[in-house]
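Accompanying notes for the structure given below.
The values are calculated or read from the model by the stated rules, or taken from the named source; none is laboratory data. Just so it is clear, the model here is predicted, and its values are computed rather than measured. We place every Cβ from the backbone using ideal geometry, glycine too, and count neighbours over all the protein chains shown. These area figures cover heavy atoms from the full protein model, side chains too; ligands, DNA and RNA do not enter into them. Shrake-Rupley method; radii C 1.70, N 1.55, O 1.52, S 1.80 Å.
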Amino acid sequence: MIYKRSSALFAEAQKVIPGGVNSPVRAFKAVGGDPIFVKEAKGAYLYDEDGNRLIDYINSWGPMILGHAHPPVLNAVIEKAKKGTSFGMPTEIETQIAELAVSMVPNIDKIRFVNSGTEACMSAVRLARGFTKKDKIIKFAGCYHGHSDSFLIQAGSGAVTFGSPNSPGVTEGTAKDTLLARYNDLGHVEGIINSNKGEIACIIVEPVAGNMGCIPPSEGFLEGLRSLCDANDILLVFDEVMTGFRLAKGGVQELLDVDADIVTFGKVIGGGLPVGAFAARTEIMNQLAPLGPVYQAGTLSGNPLAMAAGLAMLTELNENTGIFDSIGQKTKYLHKGMTEVLNEKNVTHTINRIGSMISVHFCENPVTDFESAAKGNNETFKKFFHGMLDQGIYIAPSAFESWFITEALTYGDLDETIKAVATTAESL
């Protein structure tokens, strides 16, 4: 395919935008080449500035469960925009979507809307600290919770794993209260808790990881976290920015029957518009201003356009729960097809899947955490990415991201994708 227009636009963008992109993964640095500039999208397809049609497996990093420009969502935004785009005042639709979300998700009584998944996770941790009156948090290597200072840390060493800043601009003082654990390793988590008795406010986790590829929790892992939190007066925070309303109507809490104390959500709760939310039971949420002392605010929080899109999206997901089985079956079909052709071509690989999330890792052993994900052959992934792109299939330009399946994908699209995998595998 030809991408002359995209390359020209990227050159122009680099003059006025750092790196030419407004989010680093879009820069293609992990795979090489210039990023693709999108002109429009519809259903399961992207249409770029050079006129190419691409089958989309990013879906705006998850929220387009029903496809791009889904008519009920699109119409809801258009009609709401006619009445104004932002007021900085309460609107009825905020209550309507809040009531619907609370009815769909287990173990939450109240919800607060914010502007992004990053803001939701940042606010959830602040709320946990305010509620417990403790300072430290545990996060997991490879789990991404946005770019708030508390989360941008890398592993230290020793039995007590203190975080050290992973980005200039993050202070040692901030990082020292973030303790880093290994995903799917309960013993490691327990050791950190025992070394920091009475100091840990919360454990924040992607209950199904999506930022080191798709990595489901091992059997008993989430249940073990729940037990450790209960035994040590620690709040369990599920970051469901990717998984909420995607893996089940009630997210991972419903799918795997494990309760969190606080849950965070991302773009799907706004139909793909810039929005996020965090939710918990009443006694925790009532610690937020204006009821309680934990401050959180945002002029655009509850923006009417995002609320209208989100209400349309959640209403459809709530009324047609067969969607979750449908996209799960499509993902299973894709998994089976890719496995067959990669095995036939003798390509070393591992595929992880849960619900409508899936990822391909070019390594021999199971991928269960960040360390095992990092053992994948990145050179093979680069070839795979560009081979798929040349055949009109757009996957994340990083080996450490999940693919997201949309209901708009047809089985014909999936067959086209599997055929592209087979062709690409010839050169791996």
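Being among the aromatic types (Phe, Trp, Tyr), in contact (Cβ under 8 Å) with a residue 40 or more places away in the chain and open to solvent by less than 30 Å² (accessible area, probe 1.4 Å) narrows it down to one of 131, 87, 113, so name that one.
Details: 131 fails: open to solvent by less than 30 Å² (accessible area, probe 1.4 Å); 87 fails: open to solvent by less than 30 Å² (accessible area, probe 1.4 Å).
After ruling out the rest, the residue left standing is 113.
Any residue that is among the charged types (D, E, K, R) and without any contact (Cβ under 8 Å) to a residue 40 or more places away in the chain - is there at least one of those in region 387-409? Before you say what the answer is, go through the steps one by one.
In the first step, residues of region 387-409 are kept if they are among the charged types (D, E, K, R); the result is 390, 401, 407.
Of the ones still in play, those that are also without any contact (Cβ under 8 Å) to a residue 40 or more places away in the chain are none.
No: region 387-409 contains no residue that is among the charged types (D, E, K, R) and without any contact (Cβ under 8 Å) to a residue 40 or more places away in the chain.
What number of residues within region 391-422 are in contact with a helix residue (DSSP H, G or I) (Cβ under 8 Å, 6 or more places away or on another chain), at pLDDT 95 or above and acidic (Asp, Glu)?
2
Restricting to region 319-328, name every residue that is part of a helix (DSSP H, G or I) and not aliphatic (A, V, I, L, M).
Looking only at region 319-328, we keep the residues that are part of a helix (DSSP H, G or I), and these are 319, 322-328.
Matches in region 319-328: 319, 322, 324, 325, 326, 328.
When the residues of region 252-269 are filtered to those that are in contact with a strand residue (DSSP E or B) (Cβ under 8 Å, 6 or more places away or on another chain) and assigned to a helix (DSSP H, G or I), which remaining residue is surrounded by the fewest Cβ atoms within 10 Å (Cβ to Cβ)?
254
I'm trying to understand the selection: among the residues of region 176-198, which are open to solvent by 10 Å² or more (accessible area, probe 1.4 Å) and of a type in the set (S, T, N, Q)?
Residues satisfying the conditions are 184, 194, 195.
Looking at (1) part of a loop (DSSP other than H, G, I, E, B); (2) buried (at least 24 other Cβ atoms within 10 Å of the Cβ); (3) more than 20 Å from the chain's Cα centre (by Cα), find the lone condition where residue 201 falls short.
Failing condition for residue 201: (1).
For residues in region 293-315 being part of a loop (DSSP other than H, G, I, E, B) and open to solvent by less than 50 Å² (accessible area, probe 1.4 Å), which is farthest from residue 65 (Cα to Cα)?
Our first condition is that a residue be part of a loop (DSSP other than H, G, I, E, B); within region 293-315, this holds for 293, 295-303.
Still in the list and also open to solvent by less than 50 Å² (accessible area, probe 1.4 Å): 296, 298, 301-303.
Numbers: 296: 29, 298: 27, 301: 23, 302: 21, 303: 21 Å.
In this case the residue turns out to be 296.
Any residue in region 189-201 that's closer than 18 Å to residue 125 by Cβ and in contact (Cβ under 8 Å) with a residue 12 or more places away in the chain: show its pairings with residues that are of a type in the set (Asp, Glu) and open to solvent by less than 80 Å² (accessible area, probe 1.4 Å) at Cβ separation under 8 Å, as long as the two are six or more apart or on different chains.
So the pair list comes out empty.
Look at residue 27 and say whether it is modelled with pLDDT of 95 or more and either touching a His at 6+ places or on another chain (Cβ under 7 Å) or open to solvent by less than 100 Å² (accessible area, probe 1.4 Å) (or both). Explain how you work it out, then say what you get.
Values: modelled with pLDDT of 95 or more: no; either touching a His at 6+ places or on another chain (Cβ under 7 Å) or open to solvent by less than 100 Å² (accessible area, probe 1.4 Å) (or both): yes.
For residue 27, the condition - modelled with pLDDT of 95 or more and either touching a His at 6+ places or on another chain (Cβ under 7 Å) or open to solvent by less than 100 Å² (accessible area, probe 1.4 Å) (or both) - is not met.
Specify the residue that is farthest from residue 397 (Cα to Cα); the eligible residues are those in region 16-67 that are among the small types (Gly, Ala, Ser) and in a strand (DSSP E or B). Lay out the reasoning, then the answer.
In the first step, residues of region 16-67 are kept if they are among the small types (Gly, Ala, Ser); the result is 19-20, 23, 27, 30, 32-33, 41, 43-44, 51, 60, 62, 67.
After this cut, where a residue has to be in a strand (DSSP E or B) as well, the list is 41, 43.
Working: 41: 18, 43: 21 Å.
So the residue we want is 43.
Can we say residue 379 is open to solvent by 10 Å² or more (accessible area, probe 1.4 Å) and within 30 Å of residue 322 (Cβ to Cβ)?
Values: open to solvent by 10 Å² or more (accessible area, probe 1.4 Å): yes; within 30 Å of residue 322 (Cβ to Cβ): no.
No: the conditions fail for residue 379.
Each row is one residue, and each column tells you yes or no for (1) surrounded by fewer than 22 Cβ atoms within 10 Å (Cβ to Cβ); (2) not in a helix (DSSP H, G or I).
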| position | (1), (2) |
| --- | --- |
| 284 | no, no |
| 291 | yes, yes |
| 317 | yes, no |
| 332 | yes, no |
| 336 | yes, no |
| 341 | yes, no |
| 348 | yes, yes |
| 364 | yes, yes |
| 372 | yes, no |
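State whether the residues of region 65-79 include one that is of a type in the set (D, E, K, R) and either surrounded by 17 or more Cβ atoms within 10 Å (Cβ to Cβ) or free of Cβ contacts under 8 Å to residues at least 60 places away in the same chain (or both). Steps first, answer last, please.
First, pick out the residues of region 65-79 that are of a type in the set (D, E, K, R): 79.
Subset that is either surrounded by 17 or more Cβ atoms within 10 Å (Cβ to Cβ) or free of Cβ contacts under 8 Å to residues at least 60 places away in the same chain (or both): none.
No, region 65-79 has no match at all.
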